[in-house]
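Have a look at the structure below before the remarks.
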Amino acid sequence: MSLKVGIIGCGGIANGKHMPSLLKAEKAEMVAFCDIVLEKAESAAKEFGTGNASVYTNYKDLLQDKSIDVIHVCTPNISHAEISIAAMEAGKHVMCEKPMAKTTDEAKNMIAAAERTGKKLTIGYQNRFRKDSDYLHQICENNELGDIYYAKAKAIRRRAVPTWGVFLDEEAQGGGPLIDIGTHALDLTLWMMDNYKPKYVVGNSYHKLAKKENAANAWGSWDPKKFTVEDSAFGFITMENGATIVLEASWALNTLDVGEARTSLSGTEGGADMEDGLRINGEAYSQMYEKKIQLDADGVDFYDGEGDDPALIEAEQWLDAILNNTEPVVKPEQALVVTQILEAIYESSKTGKPVYFN
């Protein structure tokens, strides 16, 4: 059986991840495309759609097509909740790109809509499907690190500010690197720890390098007048069980210690990090050890190993969850906690006070 998919938002993330992955997935066919810029929807339909794919500029018109089973929401953060809820109420399952929503209340409304309609909802945290992430998660599930009581969630760029679209617009996005790439690192960390009960958060966000004219940047200099979001943000998160998570997120920071969608974990029985591949550390027989996990096929001639496309794996497991009526890997309740923590860091930064949950 093949599921009919509609794409809402035909910009960068749709073209870079969702549509190429769905095209490779055998159980999906993209039959409808929507973007407020008609040419983007038409281009997407031509490259990725079925021969008779429909094109829209208003998502509400697309949702009236009763033949569509699944919607992928690939729009700016401000409309994630609105479109996802409308899609579920129209009888569609929803894959919403990260972050789940701009605010906690919106994310809660999305979960309520899923419960009310009986439709499946998942969020696009594709970094869970990397080989290193999957391997580390198995280690954590088997309790090989013991009680994980300290972790770092890392999303640090030295100079890679996205200057296109609405990335620099706080109203449309809700924030900058914290909500954009910090969200991936935090999702990975919470998932590894299987800990979704934050107690309180202290955070700071900065708008320092954003003020620079003619700045060095991977995608060309930004316009300081349009840079209304933070350029970096940091959070100190204390969980109900006493565990600590430090979250670092930056698009522009004067540091050489860079890396995205990474986590490091310290438990009572061992530790792990993604700083130089996947490394595990611990002690045995009164001696300390560290080991690096080999996740490729080095040493085998003419073989590069099994396919490692996290976005394709994400798409395939999502389609399987719908067809087999099972839970998707990324549960909306987990994504909600990510949004709650990010929102609390922003609030703490504004007020200069800790933000307590419950």
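The values are calculated or read from the model by the stated rules, or taken from the named source; none is laboratory data. All values reported here derive from a predicted model rather than from experimental measurement. Methodologically, a virtual Cβ is constructed for each residue, glycine included, from the backbone with ideal geometry; neighbour enumeration extends over all protein chains shown. Protein only, heavy atoms only, side chains kept; ligands, DNA and RNA dropped before computing areas. Shrake-Rupley method; radii C 1.70, N 1.55, O 1.52, S 1.80 Å.
Listed by chain and number, the lysines whose alpha-carbon sits under 16 Å from that of Lys292, ignoring those within fewer than 8 places in the same chain, are Lys131.
Across the range 85-99, coupling constants 3J(HN,Hα) worked out from phi with the 6.51/-1.76/1.60 Karplus curve, θ = phi - 60°, read 5, 4, 5, 5, 5, 8, x, 10, 6, 10, 9, 9, 4, 5, x Hz, and Gly and Pro carry x. With K and R counted +1 and D and E -1, the other residues having a Cβ less than 14 Å from that of Ala284 yield a net charge of -3.
Site-free segments of the chain were taken between chymotrypsin sites (Phe, Trp or Tyr not before Pro) in DSSP loops having at most 11 other Cβ atoms within 10 Å, sites themselves excluded; the longest one is 1-163. What the phi angles of the range 170-183 give under the Karplus curve with 6.51, -1.76 and 1.60, with θ = phi - 60°, is a coupling list of 5, 4, 7, 9, x, x, x, x, 4, 7, 8, 10, x, 4 Hz, glycine and proline written as x.
In plain terms, the bigger the Kirkwood radius, the slower the diffusion; for the range 207-248, with that radius from Cα pairs, at 20 °C and 1.002 mPa s, Stokes-Einstein puts D at 170 µm²/s. Under 5 Å from the amide H of Val229 lie the amide H atoms of Glu170, each residue being 5 or more positions distant or on a separate chain, with H modelled from the backbone and absent for Pro and chain starts. Loop-resident trypsin sites (Lys or Arg not before Pro) (DSSP state other than H, G, I, E or B) in the range 219-283 with no more than 15 further Cβ atoms inside 10 Å of their Cβ: Lys225, Lys226.
Neighbours of Gln173 by Cβ distance under 9 Å: Lys/Arg scored +1, Asp/Glu scored -1, total -3. Surface composition of the chain: carbon and sulfur make up 47 percent of the accessible area, probe 1.4 Å.
Of all aspartates and glutamates in the structure, the ones whose alpha carbon falls short of 20 Å from that of Lys353, not counting any fewer than 8 places away in one chain, are Glu230, Glu240, Glu248, Glu343. Residue-wise HN-Hα couplings along the range 27-42, as the Karplus relation 6.51 cos²θ - 1.76 cosθ + 1.60 with θ = phi - 60° gives them from phi, are 9, 9, 9, 8, 10, 8, 9, 9, 7, 5, 9, 3, 4, 5, 5, 5 Hz; Gly and Pro carry x. Over all other residues within a Cβ to Cβ distance under 10 Å of Val31, the charged ones net out to -2, with Lys and Arg as +1 and Asp and Glu as -1. Between the exposed loop cleavage positions of the chain, defined as GluC sites (Glu not before Pro) in a non-H, G, I, E, B DSSP state with at most 14 neighbouring beta-carbon atoms within 10 angstrom, the longest gap is 27-212.
Inter-part distance, the range 5-23 to the range 207-279, computed on C-alpha centroids, equals 26 Å.
Proximity of backbone amide H atoms, modeled 1.01 Å from N, is registered between Met30 and Val5, Thr50 at under 5 Å, excluding neighbours fewer than 5 places apart on the same chain. Under the combined filter of DSSP loop state and at most 16 neighbouring Cβ atoms within 10 Å, the range 1-76 retains these trypsin sites (Lys or Arg not before Pro): Lys27, Lys66.
Rolling a 1.4 angstrom probe over the protein heavy atoms with all chains in place gives the range 36-187 an accessible area of 41 Å² per residue. The alpha-carbon of Lys24 sits under 18 angstrom from the alpha-carbons of these lysines, leaving out residues fewer than 8 places away in its chain: Lys4, Lys46.
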